[in-house]
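Remarks on the structure that follows.
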Amino acid sequence: RDQPRSRGLGDVYKRQLPLRDIVVFPGMITPLFVGRSKSIAALEEVMTKDKKIFLVTQKNAETDDPLPDEIYNIGCIGKVIQLLKLPDGTIKALIEAQEKAKILKYIKKDNNYYSIKANLVDNKKLNKTSKIDAMVRRLLARFGVYARLNRTVPSEALNSISQLTDQDQFANTLASYLVLKIDLKQQLLEMSTTQTLLDKILVYIENEIGVLEVEKKIKSRVRRQMEKTQREYYLNEQLK
């Protein structure tokens, strides 16, 4: 798997917040509901400092206390925008993912939760060309089809994406809207260049459109069969 490049800006040291069932991309503002005591303690600590915390996905969402080897090594430095304590003891945090980073080392503290040493990384930039413009238009067109077929994609997604001019932001936002298994979304986050990320996103979108169109045809056929069965039942009852 290709890996992001170190940006050469030195190491960063941050508290870590393991995530279940979600991969965050740079530029995303995500509401997170946090219930684990270690995660709550880490959030409360960073709120007294720079409000920044390392967001990284755990490999198995069912694991309550993941060890370092049960967590992916590439995530995002996030800034806590808002923290709200709920009556049941959990915390709702609104966090903006800002920069991608790769974990170099885990540092366990006395309070029993981890800090990490990481390198900031970025994707190799694209030069604006007619080929890239064509790729962006193709992606927008196919994502529009995908969004219409997949009802879980927010209705405003296509409009918001179409207004983006920064290539990295366009690619990351598009990736964040795809409904994929966690390991596949993590692979997208770990892409080392914007070009490979866009290429892979297009492959996933085309594949998902194919699956969704088949599902739509199956549902339509089943619905017609059910309607036919109901009509026959009604006619039989009338004859009786």
Hull shadow area, averaged, the range 154-218 [alpha-carbon convex hull, nm²]: 4.8 nm²
Sulfur and carbon atoms: percent of accessible area, the range 146-219 [1.4 Å]: 53 percent
Exceeding the 29 Å Cα-Cα cut-off - candidates LYS14/LYS125; LYS85/LYS105; LYS105/LYS131: LYS85/LYS105; LYS105/LYS131
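Hey, what number do you get for the chain at 222 nm if only DSSP H runs of n ≥ 4 count, each worth -39500 (n - 2.57), divided across all residues, to the nearest 500?
Working: 6 runs with 101 residues, N = 240.
So the helix-based figure for the chain works out to -14000 deg cm²/dmol.
How would LYS52, LYS131 rank on accessible area, largest to smallest, probe 1.4 Å?
Details: LYS52 55, LYS131 155 Å².
Highest to lowest solvent-accessible surface, that is LYS131, LYS52.
Counting only C-alpha contacts under 8 Å and six or more residues apart, can you give the relative contact order of the chain as a whole percent?
Details: 376 pairs, mean separation 54.5, N = 240.
23 percent.
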For ASP50, solvent-accessible area (1.4 Å; no DNA, RNA or ligand), Å²: 70 Å²
Average accessible area per residue (Å²) across the chain - probe 1.4 Å, nucleic acids and ligands excluded: 58 Å²
Shape call, the range 77-151: gyration tensor on alpha carbons, a/c limit 1.5: oblate
Of all accessible heavy-atom area on the range 64-127, the percent that carbon and sulfur account for (1.4 Å): 46 percent
Per-bin percent of Cα-Cα distances, the chain [5 Å]: 1, 6, 12, 15, 16, 13, 11, 8, 6, 4, 3, 2, 2, 1, 1, 0, 0
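The values are calculated or read from the model by the stated rules, or taken from the named source; none is laboratory data. All of these numbers come straight from a predicted model, not from anything done at the bench. With ligands, DNA and RNA removed, areas are computed over all heavy atoms of the protein, side chains included. Shrake-Rupley method; radii C 1.70, N 1.55, O 1.52, S 1.80 Å.
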